[in-house]
Amino acid sequence: MNRLYRISPARVLILLLWAALLTPWIASASAQDAGDGVGEIDLRVERFGPGNVCRQGEWVGLYVAVDDRGLEQREIVLRLQGRDADGDRPLYDTVVTSNPGTRQAFWLYTRLPFRFDQSDSLGVSVWGAEAARGSDQDGALAYRATRQLAYADVRPSRVLPKTESMIGVLGPWHFGLGAYGIAAQQSSDHPATGHELTRIITGLEHAEIPHRYQGLVQFDALVWGAARREADPLRLSTDQARAIREWVTRGGHLIIVLPTVGQEWLSSGNPLAGLLPSSLPGELREGVDLNELSALLTRDASVTLPTSASVRVFEPDADAPPGSAVRVLDGPGGECLVARRIVGAGAVSVIGIDLSEPALVSEGLPDPDQFWHRVLGRRGVLDPNSIVAKRGANAQRARRSFDADIPNEIAKSGRAYVGVLLGFVVFALYWVIAGPGGFGLLARAKKKQHAWVAFVAAIGVFTAIAWTGATLIRPKRVEAVHLTYLHEVDGQGVQRARTWASVLIPSYGDATISLAEEPDVPASQRMTGLVSPWEPPASDVITQASFPDNRAYRVDARSPDAMRVPTRSTVKQIRADWSGAARWSTIEALRDPGQIGDTLISLGEGRVVYGRLAHALPGDLEDVVILIVSRQRSIPSPGAVIGDIAVSVVTAYRLTSAWGAGEANALSLESVTSREAGLQTSFEIYAERLLKAGKLVTADLGPSRSGSVSDRLTAALLFPQLAPPAYSSNTAGADLAQRSETHGLDLGHWFTQPCVIVIGHLTQTESKELPVPLEVNGRPARAGGGRTVVSWVYPLPDAPPEFRLVDTEPLDEPSAPTNAP
């Protein structure tokens, strides 16, 4: 037996020769993998998101500084490695030219997984770059990485939970917004009197504005409030200004607090001048007594405000285009103090009161429920000393999620069930025929000697049946099951959409999933699409099963509108954010014969609305609700108890049948809003109904249904206006509304100005065009089923709220329901 394990000297010599030949190659490969060249470039990540704050499951920008210690300029690849639910590794690359001896800083972007916290890290590296031969790619993908020059493993400073929102503030002050981020208790993840904590990220500087809009997606609003060099709008780069414009157009809310000193915002060189209301510059008034505006700034009647302050008043512009000079808030004398311009799906609001006035800052003013609710479109009591807040601090809340239906809505399981059923049936028949059933028949026919022949024949027949069945049910074309939020503001000429989709790619290898570019739009004006791998909020991409052949794939970090992913004849779940010229004809206001003027919809007496609506969508709209925002409620005196009702007078009308496409099915708003129709209900009642429709969840596990999917998805659009908890002596069981994936999609700011809001659902059950230009390998992907939540807004003439002069004046009462659906 020992001879079996004896190695001859000749074999030893051969092994040594092979080792000598392979050692240099192995060392070279190992050095390259480990980073041969590491140390040639200093690499430092200075920001993990603006203000060093990011949120789970959202896009984030990393501000990366490099210092090349080489002797000459060269092309380098900056790489940020992410991870997806399949175990593959997206590599977000950007190519830049280094400048030896000079510190350079660049932004890299990725979408974080939902299961990401301060103990997790991302890998950032620098590689040598060379042009890829024969490549038809643009941007970073036209280059390939050669050898690693630097590497850093980066952990975030602060990661917010997926259920919290953010407002960024340029400047050191929070302007009273901090009350939105006060938790019920130190360890609570929710406020005492509301649903969602909004973290106020103060101290931002102009240098922290990313150069692409995806770096701003995490913010619901940006408040620009500093009159100092660190936040000078004139110091914005072209890319930064473009990022802000695109973020606003896609639904962001930029709020500018005009300073009394420094006129940077009014300068002709301001790169954001085109976003400002046309009523600027207005008139700067000196010596204004802010106590006359106390009802707008504080709830405390005992607070004394400065008696000589500077306030900028905006002059109405009668010739301004619709939506370019909206009056949001007036003073007691009718002078405009907050003006707004509608920009695409978003808005830019300008505040004429200098909120950085030391007396206001020292008192933590303005109070958000007096002032900011009326600018942001929020509701609820935020006074931490109120009885309601004290009762809510220790309340046990029933969590209700309003976007937990997304995974089920895009699940593509129909063919899987068919395949499993076919396999079960074929195996059962095979077992019976090839086993005891076939043998019994042969025994009855006295031909048991042919058992082996029959067995082999059964194997052949059932193999053919299984192969044929699998071939017939195997998908042969690319399809996407989707859930899409599609939004449009009348007259803005742009649509915004966010899509979650399970894209079935029936092939092995690689495939490019992309959002098609608009061919007629210049590159400088084209808005960047975002395509990223996606996983459900409740999943864990670290511990869940992944494919054993996981691979890396590259994405252009600056323009992540395409990604070439590994395919395994299965589905790839993605999230896509798109904005551009109207792809689907949604809803429009019709002009009646003989109608004069630009206003096609108007408010009449008794809250009757006049006008006609039609849509040209590829199907009927179901579960349609029409909201009429008539005006803001009057501004009460300081100290008056206003409760937790909405700041605007809103009436809801819910259609009882589907709304068909075409002018022949035009909707008469007069008929819908008349009391005789019986469709009217108080928005307070409707908001309470939506809150109850939320899906009950417990720590992301074990969801149970309690309401319709349509109501929950509609509620996500109205999230800031959902009814806050009404605490009584018994605080147990108050509902807690939550969202994880629909931040930035809500219509909150539209509740601060008169408008008509229409929300409906379109369901696709067969292969049709998608509402977004999603492509696979350059060919349009077809919808294999899905739902589109359509929202449309028609702005009405402005109507700023009046000041209530005496405490005995009653508050505006919400309309009483006539036949609440």
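The values are calculated or read from the model by the stated rules, or taken from the named source; none is laboratory data. Remember, predicted model here, so these are calculated numbers, not experimental data. In this analysis, Cβ positions are derived from the backbone assuming ideal geometry, glycine residues included, and neighbour counts consider all displayed protein chains. Protein only, heavy atoms only, side chains kept; ligands, DNA and RNA dropped before computing areas. Shrake-Rupley method; radii C 1.70, N 1.55, O 1.52, S 1.80 Å.
Annotations
- Residues in segment 39-89 that are closer than 22 Å to A129 by Cα, open to solvent by 30 Å² or more (accessible area, probe 1.4 Å), out of contact with any Leu (no Cβ under 6 Å at 6 or more places or on another chain) and of a type in the set (D, E, K, R): D42, R44, D67, R69, E72, R74, E75, R89.
- G274 open to solvent by 30 Å² or more (accessible area, probe 1.4 Å), part of a helix (DSSP H, G or I), of a type outside the set (F, W, Y) and modelled with pLDDT under 95: yes
- Residue in segment 152-171 that is open to solvent by 10 Å² or more (accessible area, probe 1.4 Å) and among the small types (G, A, S) present: yes
- Flag if G662 is touching a residue at least 12 places away in the same chain (Cβ under 8 Å), open to solvent by 10 Å² or more (accessible area, probe 1.4 Å) and out of contact with any Pro (no Cβ under 9 Å at 6 or more places or on another chain): yes
- Residues of segment 332-359 that are hydrophobic (A, V, I, L, M, F, W, C) and open to solvent by 30 Å² or more (accessible area, probe 1.4 Å): A359 alone.
- Within segment 331-347, tally of residues that are closer than 15 Å to W792 by Cα and of a type in the set (V, I, T): 2
- Residue that is surrounded by the fewest Cβ atoms within 10 Å (Cβ to Cβ), among those in segment 305-326 that are touching a helix residue (DSSP H, G or I) at 6+ places or on another chain (Cβ under 7 Å) and part of a loop (DSSP other than H, G, I, E, B): T307
- Segment 443-464 residues that are touching a residue at least 12 places away in the same chain (Cβ under 8 Å), paired with ones that are of a type outside the set (F, W, Y) and not in a helix (DSSP H, G or I) (beta carbon under 9 Å, 6 or more apart): A454/K447; F455/G435; A458/G435
- Failed item, numbered, when A783 is tested on (1) farther than 24 Å from L216 by Cα; (2) assigned to a loop (DSSP other than H, G, I, E, B); (3) of a type in the set (A, V, I, L, M): (2)
- Only strands (runs of 3 or more DSSP E) whose full extent lies in segment 479-527 are considered here, and the ones with at least 2 residues that are under 25 Å from Y794 (Cα atoms) are 479-489, 495-504.
- Here F547 passes the criteria (1) modelled with pLDDT under 90; (2) within 21 Å of R787 (Cβ to Cβ); (3) of a type in the set (F, W, Y) except the one numbered (2).
- The single condition from (1) without any contact (Cβ under 8 Å) to a residue 40 or more places away in the chain; (2) open to solvent by 10 Å² or more (accessible area, probe 1.4 Å); (3) within 24 Å of A339 (Cα to Cα) that A207 fails is (3).
- Looking across segment 138-162, the residues that are at pLDDT below 85 and either more than 24 Å from D42 (Cα to Cα) or not in a strand (DSSP E or B) (or both) come down to D138, G139, A140, L141, A142.
- Checked against the criterion of being in contact with an Asp or Glu (Cβ under 9 Å, 6 or more places away or on another chain) and either among the aliphatic types (A, V, I, L, M) or at pLDDT below 90 (or both), segment 238-258 contains one or more residues that satisfy it.
- For L747, the stated conditions do not hold, so it cannot be described as more than 22 Å from R607 (Cα to Cα), of a type in the set (A, V, I, L, M, F, W, C) and open to solvent by less than 40 Å² (accessible area, probe 1.4 Å).
- Considering (1) assigned to a loop (DSSP other than H, G, I, E, B); (2) among the hydroxyl-bearing types (S, T, Y); (3) surrounded by 14 or more Cβ atoms within 10 Å (Cβ to Cβ), the lone condition that S294 does not fulfil carries the number (1).
- Identity of the residue in segment 585-640, among the β-branched types (V, I, T) and open to solvent by 20 Å² or more (accessible area, probe 1.4 Å), that ends up modelled with the lowest pLDDT: I596
- Pairing residues of segment 144-157 that are within 19 Å of R69 (Cα to Cα) with residues that are surrounded by fewer than 16 Cβ atoms within 10 Å (Cβ to Cβ) and polar (S, T, N, Q), at Cβ distances under 9 Å and at least 6 apart in sequence or on separate chains, gives T146/Q32; R147/Q32; Q148/Q32.
- Unmet criterion (only one of (1) in contact with a helix residue (DSSP H, G or I) (Cβ under 6 Å, 6 or more places away or on another chain); (2) modelled with pLDDT under 95) for L441: (1)
- Taking (1) part of a loop (DSSP other than H, G, I, E, B); (2) open to solvent by 20 Å² or more (accessible area, probe 1.4 Å) in turn, P191 satisfies each apart from (2).
- If the condition is being of a type in the set (V, I, T), at pLDDT 90 or above and crowded, with 22+ Cβ neighbours inside 10 Å, then segment 643-654 contributes V649, V650.
- Matching residues, segment 356-386, being among the polar types (S, T, N, Q) and without any contact (Cβ under 8 Å) to a residue 40 or more places away in the chain: S362, N385
- Segment 167-197: number of residues that are farther than 16 Å from G225 by Cβ and within 23 Å of the chain's Cα centre (by Cα): 8
- Filter result (hydrophobic (A, V, I, L, M, F, W, C) and at pLDDT 90 or above) within segment 305-327: L305, A309, V311, V313, F314, A325, V326
- The lone criterion from (1) under 23 Å from A221 (Cα atoms); (2) among the hydroxyl-bearing types (S, T, Y); (3) surrounded by fewer than 20 Cβ atoms within 10 Å (Cβ to Cβ) left unmet by S362 is number (1).
- With respect to the conditions (1) in a loop (DSSP other than H, G, I, E, B); (2) more than 24 Å from T512 (Cα to Cα), L762 lacks only one, and its number is (1).
- Among the conditions (1) surrounded by 15 or more Cβ atoms within 10 Å (Cβ to Cβ); (2) in contact with a helix residue (DSSP H, G or I) (Cβ under 9 Å, 6 or more places away or on another chain); (3) modelled with pLDDT under 90; (4) among the hydroxyl-bearing types (S, T, Y), S135 misses just one, which is (1).
- Selection of segment 735-744 for residues being open to solvent by 20 Å² or more (accessible area, probe 1.4 Å) and at pLDDT below 90 yields an empty set.
- Some residue of segment 604-618 being over 27 Å from G493 (Cβ atoms) and assigned to a loop (DSSP other than H, G, I, E, B): yes
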